[in-house]
Amino acid sequence: MPSVAGWWAGRSDPQRIALYTRSSYYAALAVTPLVALLVVVSSASHPPFAAALFLLGSVAVTVTALLLARAGLTAPGPDKRLPTRLLVGAAAAALATVGTGVAAVPDGGDAGSLLPWVLGLAPTMVLIACSTVWPTRTLTVGGVGIGVLEGVGLLSAGRTAAEALVLGVLFGLTSTATALSFRFSVWVLDVVTQLERARDVQARLAVAEERLRFARDLHDVMGRNLSTIAVKGQLAAELVRRGRAEAADEVTDISRIADESLREMRGVVGGYRSASLPGELAGARSVLRAAGVSCTVSGDEEAALLPAAVQAALGWAVREAVTNVLRHSQAITCTIGLTSTDGETELRVVNDGATEPADRRWGNGLTGVAERLDAAGGRLMVARVDGRFELTATLPVVVPA
């Protein structure tokens, strides 16, 4: 059974921030009935019927606010909007709760009176739920509205104008600051999500760039020969229609060019499929940087001096490691090092974006690389340490006599 730490480590950054943001909203909104209960219990006198209505109203505010926050957090697209009916329902529940709260908790007129909390609790919770979508200016207007409601309610209860003004400003600022702090979490989630999408686009562009390079190489090699074949084919057809003997020479020449084209095409495809270590190291640096990952390669000058079999095996290891960085990590930096000591060559690829649990089994790609290395007398080791993914491939180097 996976541990909590392993489950958390398996989440991507956007998933972690989304979980944190939702938990913060839901936890804050869910305490509304508890705060209302504490207010009622702490009041010196509270009519039972009005107190019960106040508590039921706080539950209604919690339910509507939770639904409102959920709608805002899951709304697709940049132009997010809250459901109008749900928003009106939450506002109505908040105002009704304020009214029943005033009846349930009479104002004693002293510093220990809980009436200011009764007036500001439910509207503040609705404002927090709306912060999932509303911008800063709208939240500020909402906070000012709560401050005005607070001041008018205290004036109606017999408080002095100065006291009502101070408490109204205090609760208005507190409500606005609380809503804006929650809004900041949503903004961070949106930014991280956009960065994740941009990273995915960069990876796709890197793959597309590699495909374009292959298409360009194939066009450069085959374009001229195919054009020549087409022209000579037309010429041979015309000579055949005229009964000219030169048609046989043209057909022979077409066959020769076709054979040459076939050999050249096989060379291009073979070079594309092969895993030349110097080429793979250069390609790794280019592809990772194109995908927004800072890549450092060391020891690449030694790659060309290794035997062909060693180059091929380690080249496949580099290719698979880079593929895993692009597809399965949140890496910002990647380091590739090649060293040769005591008749053995070691390739080490380290990235700082490991997201898979430490006990996750190898996929087909790593299994294939391990089999290639094992066939050549080498070994493959993989480790995940402190958020880093380390791939180490070693091979013995046999220098020809």
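The values are calculated or read from the model by the stated rules, or taken from the named source; none is laboratory data. None of the values given here were measured: they were computed from a predicted structure. Positions of Cβ are generated from backbone atoms using ideal geometry, with glycine treated the same way; all protein chains shown enter the neighbour counts. What goes into the accessible areas is simple: the full protein's heavy atoms, side chains included, and nothing from ligands, DNA or RNA. Shrake-Rupley method; radii C 1.70, N 1.55, O 1.52, S 1.80 Å.
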Looking at region 156-176, which of its residues are touching a residue at least 24 places away in the same chain (Cβ under 8 Å) and open to solvent by less than 60 Å² (accessible area, probe 1.4 Å)? Ala157, Arg159, Leu167, Phe171, Gly172, Ser175, Thr176
When (1) hydrophobic (A, V, I, L, M, F, W, C); (2) more than 24 Å from Ala206 (Cβ to Cβ); (3) modelled with pLDDT of 85 or more are applied to Ala358, the one that fails is (3)
Restricting to region 322-335, name every residue that is open to solvent by less than 10 Å² (accessible area, probe 1.4 Å) and at pLDDT 85 or above. Cys334
Give the residue, chosen from Leu288, Leu314, Leu305, that is open to solvent by less than 10 Å² (accessible area, probe 1.4 Å) and over 27 Å from Asp200 (Cβ atoms). Leu314
Restricting attention to region 344-361, does a residue exist that is surrounded by fewer than 22 Cβ atoms within 10 Å (Cβ to Cβ) and assigned to a helix (DSSP H, G or I)? no
Which residues, taken from region 293-343, are on the phi > 0 side of the Ramachandran plot and in contact with a strand residue (DSSP E or B) (Cβ under 8 Å, 6 or more places away or on another chain)? Gly299, Gly343
Restricted to region 177-194, and to residues that are in contact (Cβ under 8 Å) with a residue 40 or more places away in the chain and of a type in the set (A, V, I, L, M), which residue is nearest to Pro123 (Cα to Cα)? Ala179
Residue ID - farthest from Val397 (Cα to Cα), chosen from residues in region 286-300 that are modelled with pLDDT under 85 and outside any loop (DSSP other than H, G, I, E, B): Ala290
Report whether or not Ala122 is within 18 Å of Gly101 (Cβ to Cβ), of a type in the set (Gly, Ala, Ser) and touching a helix residue (DSSP H, G or I) at 6+ places or on another chain (Cβ under 6 Å). yes
